[in-house]
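Structure first, commentary second.
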Amino acid sequence: MLNQTILNATHRALGARMVDFGGWDMPINYGSQIDEHHAVRRDAGMFDVSHMTIVDVRGPRVREFLRHLLANNVDKLKVSGKALYSCMLNEQGGVIDDLIVYFIDESFFRVVVNASTRDKDLDWMARQGSRFGVTLTERRDYAMVAVQGPKARERVHGLLSAEGATRAAKLGKFVAADVDGLFVARTGYTGEDGYEIMVPEAEAVSFWSKLVAAGVKPCGLGARDTLRLEAGMNLYGQDMDETVSPWEAALAWTIALEPAERDFIGRAALVAQKSDGAAREMIGLVLDDKGVLRHGQRVITDKGDGEILSGSFSPTLGKSIAFARVPAGAADGALAVDIRGKALPVRAVKFPFVRDGQPCAGI
């Protein structure tokens, strides 16, 4: 039987089409997926992301533990509420998962990991954390709602107390705070401004209904996927996994090799790969002809074959876009994608494809 979030019956009452997503019964859309996509780009939309796993990590050595566990460096987190995106690697430098970690205080950090990787993540974190004396507490008492779009923040502020709205409005990007009993984080997975809000489960249905009444459009995982692709954001299990290093997943910016004495898991493998040069790289592709780029399609290059990772029609651009993993340096030559036996030319571009609702330069 599939897992269900506290909002499952609410989604069904709104007419959502439900699908199996990593063992969870989740809404793929409530009607037009393209309309939901545009609502987030132009106004405000919301997603039930309660399937994500929230883990509170506590102990006097918790910073030391996370300094060892993550490829990015939690020493960047100095102000309470500040967040950091990072990969958690195996010894070979492959990505076990990507996650967000929030600094609360020197004995308390909060980590949010992907739903599909919950079991292996918790097991890995527990095994690595045993020698640091940390405790891991999964927060199943929280639901999580992402409210995204150019008008998302003002819609949320309207549901808060005057003091809470003022506090939320002052949050910088990638910062969180406790506001009116909610954990409000100015983060997201769409490329738009907004919040990801942890809500006590008992209040989640009411909170969702208030957002609907405030004009926030319910959106499913289909729109979330096209939005994050346009925004140039990876999807674990499709764009990266344990056989792929951050160098090969266009996530070099998340690797903190300084200071040199920080011996995080996977460091030696990453240093060696950097020295030798990664054999593969992840690039952005645009198909100007008719057709849709899809996961698994073959990319034809002068240096050998590559593969489409995430690919979809972009509602904002009106054409198909994709991430692809290709041999290093292949983006400098001619590229084509095999779609049903026909080689269609594609352009290599830098991503994100869309920023602030508009096409990026060169797209």
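The values are calculated or read from the model by the stated rules, or taken from the named source; none is laboratory data. The structure displayed is predicted, hence computed values, not measured ones. Every residue, glycine among them, receives a Cβ derived from its backbone with ideal geometry; neighbour counts consider all protein chains shown.
Descriptive notes on the structure:
- Test: Phe132 is in contact (Cβ under 8 Å) with a residue 24 or more places away in the chain, more than 16 Å from the chain's Cα centre (by Cα) and surrounded by 21 or more Cβ atoms within 10 Å (Cβ to Cβ): no
- Residue match in the stretch 128-138 (condition: in contact with a strand residue (DSSP E or B) (Cβ under 9 Å, 6 or more places away or on another chain) and part of a loop (DSSP other than H, G, I, E, B)): yes
- Inside the stretch 143-201, residues that are within 27 Å of Cys360 (Cβ to Cβ) and in a loop (DSSP other than H, G, I, E, B) make up a count of 15.
- Among (1) aliphatic (A, V, I, L, M); (2) more than 21 Å from Ile54 (Cβ to Cβ); (3) more than 16 Å from the chain's Cα centre (by Cα) - the single one Ala223 does not satisfy: (3)
- Restricting the stretch 264-308 to residues that are part of a strand (DSSP E or B) and closer than 28 Å to Val74 by Cβ, the residue that is nearest to the chain's Cα centre (by Cα): Met282
- Within the stretch 324-363, strands (runs of 3 or more DSSP E) holding 1 or more residues that are buried (at least 17 other Cβ atoms within 10 Å of the Cβ) and at pLDDT below 95: none
- Filtered residue count, the stretch 260-299, keeping only those that are among the hydrophobic types (A, V, I, L, M, F, W, C) and under 20 Å from Asp241 (Cα atoms): 12
- Per the listing Ala256, Ala223, Ala260, the residue uniquely in the same structural domain as Glu196 (by TED's automatic domain parsing) and either part of a loop (DSSP other than H, G, I, E, B) or surrounded by 22 or more Cβ atoms within 10 Å (Cβ to Cβ) (or both) is Ala223.
- Taking the stretch 313-323 as the range and being crowded, with 17+ Cβ neighbours inside 10 Å and either among the aliphatic types (A, V, I, L, M) or without any contact (Cβ under 8 Å) to a residue 24 or more places away in the chain (or both) as the test, the residues that pass are Ile321, Ala322.
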